[in-house]
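J.: Quick one: structure below, then a few questions.
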Amino acid sequence: MVEFPGEKSPMTRYPDWNEEDAKTIVAAQQERGLLAVLSALNEKFGYLHKHAVGVAAKALNLSRAEVHGIASFYHDLRERPPGRHVLKLCGAEACQSMGGDALAAQATRELGIGFGETTHDESITLERVYCLGLCACAPAALFDGEPHGRLDQNAISWLIAEAQE
């Protein structure tokens with residue numbers, strides 16, 4: 001992965017929620033619309049803090065229900081902070097046909113968590129995604145935003161071990 005000055009590493013912990021920072025982000029993104037606002041908040045803090053809905057709703061003159069509807073629809077918009085690492089396993093048809101479901105079962109078993117959950121030590125968040133565009137390299141995953149294809153049992157175990165170090 002190439003890092004640019006000022007760009008945070010995927011392993012970097014996110015800053016604590018700060019309403020003033022959130023308002024600044026909302027003001028900078030509000031011309032782009034609600035999804036851009038929520039995405040920017042999620043990117044900055046790693047999740048949408050419980051007060052993020054209210055801040056966005058007020059700035060965009062929307063109801064909290066409208067904002068919550070969008071925030072809860074998109075899987076990448078989290079309600080809780082992620083772990084230090086995020087493992088996203090593809091569950092689309094191509095990956096399923098190449099053994100992705102067995103690898104997903106292995107990952108949940110090894111981690112002791114389900115999809116959308118974070119391990120107790122906060123080392124890893126496991127997420128299910130549907131199509132990474134790596135169908136020719138199925139089964140596939142994203143580990144901290146980096147694609148991994150042609151996964152097998154050993155590769156899943158290795159990714160999990162990397163996250164827990």
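J.: Assuming R0 = 30 Å, what is the FRET efficiency of E165 and A27, from their Cβ-Cβ distance, to the nearest 0.05?
T.: Efficiency, rounded to the nearest 0.05: 0.15.
J.: Could I ask something else about it? Given H49, H68, I124, which one lies farthest toward the positive end of the charge dipole of the chain, if we put +1 on the Cβ of every Lys and Arg and -1 on the Cβ of every Asp and Glu?
T.: The residue sitting farthest along the positive end of the dipole is H68.
J.: Using the Cβ atoms and a cut-off under 12 Å, what net charge is assigned to the surroundings of A138, where Lys and Arg are +1 and Asp and Glu are -1?
T.: Net charge around A138: -2.
J.: Please list, in chain and number order, the residues 5+ apart from E117 or on another chain whose amide H is under 5 Å from its amide H, with Hs placed from the backbone.
T.: Long-range HN contacts for E117: L126.
J.: Describe numerically, in nm with one decimal, the distance between label points set 7 Å from Cα along Cα→Cβ at Q96 and at D121.
T.: For the pair Q96/D121, the computed spacing is 3.4 nm.
J.: What value, in deg cm²/dmol to 500, does the helix sum -39500 (n - 2.57) over DSSP H runs of n ≥ 4 give at 222 nm once divided by the residues of the chain?
T.: -12500 deg cm²/dmol
J.: Which whole-number percentage describes the relative contact order of region 1-121, with Cα contacts under 8 Å and a sequence gap of 6 or more?
T.: Reported relative contact order: 21 percent.
J.: Go through region 102-107 residue by residue and turn each phi into a ³J(HN,Hα) via Karplus (6.51, -1.76, 1.60, θ = phi - 60°); whole Hz please, and just put x for glycine and proline.
T.: Once θ is set to phi - 60°, the couplings for region 102-107 become 5, 5, 5, 5, 4, 4 Hz.
J.: Write down the Å³ per residue value for the convex hull defined by the alpha carbon atoms of the chain. Walk me through the numbers on the way to the answer.
T.: On the way: hull volume 21.0 nm³, N = 165.
Normalising the Cα hull of the chain by residue number yields 127 Å³.
J.: Roughly how big is the chain's charge dipole about its Cα centre, with Cβ charges of +1 (Lys, Arg) and -1 (Asp, Glu), in debye to the nearest 20?
T.: Computed about the Cα centre, the dipole is about 420 debye.
J.: While we're on this one: Could you check the spin-label model distance between L35 and E20? Points 7 Å from the Cα along Cα→Cβ, value in nm.
T.: The modelled label-to-label distance comes out at 3.3 nm.
J.: If you don't mind, another one. Provide the packing ranking of 72-81, 40-49, 155-164, i.e. peptides ordered by the mean count of other C-beta atoms within 10 Å per residue, highest first. Mind dumping the intermediate values first?
T.: Details: 72-81: 13.8, 40-49: 19.8, 155-164: 16.9.
Result, highest mean first: 40-49, 155-164, 72-81.
J.: With the crude spin-label approximation of a point 7 Å out along Cα→Cβ, what separation in nm comes out for E146 versus R128?
T.: Simple spin-label model gives 2.7 nm for this pair.
J.: Tell me the per residue accessible area of the chain using a 1.4 Å probe; a whole number in Å² is fine.
T.: 58 Å²
J.: Shifting gears a bit: When the chain is fully extended, how far beyond the present Cα-Cα distance does D76 get from A155, taking 0.36 nm per residue of separation?
T.: Contour length minus Cα-Cα distance gives 26.0 nm.
J.: Could you list which residues have their amide H under 5 Å from that of E79, counting only those 5 or more apart in sequence or on another chain, with H placed in the peptide plane?
T.: Residues meeting the criterion, in which the H sits 1.01 Å from N, are L48.
J.: Ok, one more. May I ask for the net charge around T125, where only other residues with Cβ less than 10 Å from the Cβ of T125 are counted and Lys, Arg are +1 while Asp, Glu are -1? All intermediate terms of the calculation are to be shown ahead of the outcome.
T.: Numbers: positive: R78, R80, R84, K88; negative: E117, E122, E127.
Neighbourhood net charge equals +1.
The values are calculated or read from the model by the stated rules, or taken from the named source; none is laboratory data. Given the structure is predicted, the values throughout are model-derived calculations rather than measurements. Using ideal geometry, Cβ is built from the backbone for each residue, glycine included, and neighbour counts are taken over all protein chains shown. These accessible areas exclude ligands, DNA and RNA; they are computed on the full protein's heavy atoms, side chains included. Shrake-Rupley method; radii C 1.70, N 1.55, O 1.52, S 1.80 Å.
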